[in-house]
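The values are calculated or read from the model by the stated rules, or taken from the named source; none is laboratory data. Worth saying up front: this structure is predicted, and the values here are computed from it rather than measured. Note that each Cβ is placed from the backbone with ideal geometry, even for glycine, and that neighbours are counted across all protein chains shown.
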Amino acid sequence: MPTATATTGLFSSFLIWCFKDYRAYLALGPGGPPYNLKGWAWITFGIRPFALSQSGVTLVTDYPAEGGHLAMERLPHRRGPRATLGGIAPHRQLSQHPPEIMRNQIISLFQRAATQYPDILSLRKSLYERHHDALFVSQKHLESGDPSIPETSIISRGEIGHMHPDMSVHLYLSPADARQAITKEWAERHRLAVPRDSWVKNKYAVADTYLMIYGSRDEGELAHLKVMVESAICFMTGREGIKIV
């Protein structure tokens with residue numbers, strides 16, 4: 001009888017945990033997986049076991065300390081503590097939200113990049129999010145056979161980055177640039193951006209330098225985001241000298 005009581009108690013606790021976790025999943029809003037019980041179950045039991053821990057998202061020991069872009073090395077340290085993030089997919093920023101006035105400026109940054117470099121960039125629906133537009137390596141350039149295009153671009157199917165409704169940004173940087181962004185507290189790894197030596201590397205088409213860039217809170221931080229987006233484009237397209245005007 002005590003065993004049955006203990007089992008019932010454990011099952012009840014599990015159901016309560018599932019209910020709370022499901023509500024937290026819905027609170028993140030739509031993005032990627034189905035926005036329902038099926039989507040929650042897939043993320044919780046099919047994906048979360050392979051994800052980085054909360055403490056692992058600032059790991060940089062697998063990234064090189066040298067070889068990044070000079071502009072990234074000159075990036076200052078972000079002021080204040082890190083923003084709080086939640087979820088895996090969707091992956092969202094839960095604190096330090098930028099003012100609404102920043103939204104169109106961040107959108108414009110991606111649009112201007114695609115307009116300026118139509119031979120190597122394009123804007124279309126994100127393959128990760130499915131609800132927002134994303135900046136891509138153009139299909140023509142991705143399939144050109146250019147040896148300077150990194151494996152990361154193939155893994156991501158060309159997706160470079162996108163903005164979320166909370167104005168945070170998912171972005172692929174080079175390994176050395178990712179180290180700069182994380183150590184200076186502008187970003188952290190997506191929880192599926194596991195190191196390249198992990199047995200679950202590149203799972204779900206997520207490579208090791210897929211980062212969450214915290215939302216730009218003012219014009220100064222937007223200027224730093226611009227540096228990161230330019231560096232991401234250089235890395236993912238294999239073209240240097242990208243400047244968004």
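Could you please let me know if Gly80 is farther than 21 Å from Ala193 by Cα, out of contact with any Ser or Thr (no Cβ under 6 Å at 6 or more places or on another chain) and of a type outside the set (D, E, K, R)?
Judged against the criteria, Gly80 is a match.
So which residues in the range 68-83 are surrounded by 12 or more Cβ atoms within 10 Å (Cβ to Cβ) and of a type outside the set (A, V, I, L, M, F, W, C), if there are any at all?
Gly68, His69, Glu73, Arg78, Arg82 - these are the residues of the range 68-83 that are surrounded by 12 or more Cβ atoms within 10 Å (Cβ to Cβ) and of a type outside the set (A, V, I, L, M, F, W, C).
Can you confirm whether Leu211 is out of contact with any Gly (no Cβ under 7 Å at 6 or more places or on another chain), under 15 Å from Glu159 (Cα atoms) and not aromatic (Phe, Trp, Tyr)?
So Leu211 passes the test.
Consider Ile101 carefully, then state whether it is under 26 Å from Glu219 (Cα atoms) and touching a strand residue (DSSP E or B) at 6+ places or on another chain (Cβ under 8 Å).
Taking the combined requirement at face value, the residue does not satisfy it.
Given the condition free of Cβ contacts under 8 Å to residues at least 60 places away in the same chain and closer than 16 Å to His162 by Cα, answer yes or no: does some residue in the range 184-191 qualify?
The answer is yes; a qualifying residue exists.
Going residue by residue through the range 78-93, is there one that turns out to be part of a helix (DSSP H, G or I) and among the charged types (D, E, K, R)?
Within the range 78-93, not a single residue is part of a helix (DSSP H, G or I) and among the charged types (D, E, K, R).
What is the residue count in the range 125-159 for residues that are surrounded by fewer than 17 Cβ atoms within 10 Å (Cβ to Cβ), among the hydrophobic types (A, V, I, L, M, F, W, C) and in contact (Cβ under 8 Å) with a residue 60 or more places away in the chain?
Selection size over the range 125-159: 1.
Can you pull out the residues in the range 37-67 that are within 26 Å of Ser174 (Cα to Cα) and either over 19 Å from the mean Cα position of the chain (by Cα) or polar (S, T, N, Q) (or both)?
If the condition is that a residue be within 26 Å of Ser174 (Cα to Cα) and either over 19 Å from the mean Cα position of the chain (by Cα) or polar (S, T, N, Q) (or both), then Ser53, Gln54, Ser55, Thr58, Thr61, Pro64, Ala65, Glu66, Gly67 are the ones that fit.
Just checking, does the range 229-242 include any residue being among the aromatic types (Phe, Trp, Tyr) and over 20 Å from Pro64 (Cα atoms)?
Scanning the range 229-242, I find no residue that is among the aromatic types (Phe, Trp, Tyr) and over 20 Å from Pro64 (Cα atoms), so the answer is no.
Inside the range 27-52, can you point out the residues that are touching a residue at least 40 places away in the same chain (Cβ under 8 Å) and within 11 Å of Ile88 (Cα to Cα)?
Leu28, Gly31, Gly32, Pro33, Ile43, Ile47, Arg48, Phe50, Ala51, Leu52
Mind checking whether some residue in the range 117-138 is of a type outside the set (Val, Ile, Thr), over 19 Å from Gly215 (Cβ atoms), touching a Gly at 6+ places or on another chain (Cβ under 7 Å) and modelled with pLDDT of 95 or more?
yes
Residues that are more than 16 Å from Gln93 (Cα to Cα): list the strands (runs of 3 or more DSSP E) wholly contained in the range 134-230 that include at least 1 such residues.
159-163, 169-172
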